[in-house]
Amino acid sequence: MADCHDSGCRFCGKPTKVFVSSGKHAKYCSAECNYASRDERKAKAEKRSRRLRSSKPKRGPKTVFIAGYCSICSTPMVASLSRWNLRGGSRRVCGTDCAKKLAAQKRRSLASCEHCGTSFIPKESNRTRFCSRECDVADRKEKADNSDGGRSVWCVYFKNCASCGRAFSSRWHGTRYCRAACKEKGTRHRTSSAARARYYGVAHEHVRRIDVFERDGWRCQACGCETPRSLMGLIKDNAPQLDHIVPISRGGPHTMDNVQCLCRLCNQIKGTQRFVDFVEWMNGRADASTVALEQSVSL
């Protein structure tokens, strides 16, 4: 390689051009010399780094040992001495999955039921005091019976849900539903009938469907089929539904005297007819079918 000077190429030594703006000479005479000089510098750097790596002393084998056993799955944990010293020997789990399980166990420690004494793991938080709903209700009932009858913290009311009929307990006297779904279901039917009664300007009162269905024996008042309680709110032909004898749109009030139990099929066919007209239509249809059957038999 030629000596570096102001007027010659740094790679081949040929004269280089002079920049007009600054009056300085270029470092290389061409692009080929520029690329060749760069490759030569890279080769020298790699040779120097190989020489430095070869001069370093070689490391001996790692000191590996069993650091302990996983507290979740009992798997032996192998670690090197350097990593164990850096971590301070505080490793308890073998991996990420076991670490998540350990964190979940810390959040939900083993608790003891305050009513029956059974050990259990809380589902939500460590503040759970009873192992089941039955123990919770029984404990509240005992404390309510042992109270002096005054208005205390443990005053509990036991009642049936106004929508599904399930027994439940509550600290508030005005609670009518056992859960939010039953409240939405019961309020929707009550609000729609009351709103329509107010819209048409007829009399209305609070009507519980359960009371109407029990009064009618859980049977359709039109066709006489059974309408079991388990089918309430379902899309079945024999599901019980509340019907107005005289529809609200025709001036009928929303009261206990004007409501009855009908199956879903009869209620859909009846529509906005009066119940008397609907029964006459059904009887006429039955008579027509009977006459047609007798004529077919006589033929």
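The values are calculated or read from the model by the stated rules, or taken from the named source; none is laboratory data. These numbers were taken from a predicted model, which means no experiment stands behind them. Backbone-built Cβ (ideal geometry, glycine too); neighbour counts: all protein chains shown.
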* Answer from Ala203, Ala197, Ala167 - the residue that is surrounded by fewer than 16 Cβ atoms within 10 Å (Cβ to Cβ), touching a strand residue (DSSP E or B) at 6+ places or on another chain (Cβ under 8 Å), modelled with pLDDT of 85 or more and not hydroxyl-bearing (Ser, Thr, Tyr) -> Ala203
* Cβ-Cβ below 9 Å, separation at least six or inter-chain, first residue in the stretch 29-50 and under 19 Å from Thr16 (Cβ atoms), second loosely packed, with under 14 Cβ neighbours inside 10 Å: which pairs? -> Cys29/Lys14; Cys29/Pro15; Cys29/Lys17; Ser30/Lys14; Cys33/Lys14; Ser37/Met1; Glu40/Met1
* To do: Of the conditions (1) at pLDDT 75 or above; (2) under 26 Å from Ser74 (Cβ atoms); (3) out of contact with any helix residue (DSSP H, G or I) (no Cβ under 6 Å at 6 or more places or on another chain), Ser109 clears all except one; give me its number.
  => (1)
* Please specify each residue of the stretch 211-230 satisfying the condition of being within 38 Å of the chain's Cα centre (by Cα), over 11 Å from Gln260 (Cα atoms), modelled with pLDDT of 90 or more and not charged (D, E, K, R). => Thr227, Pro228
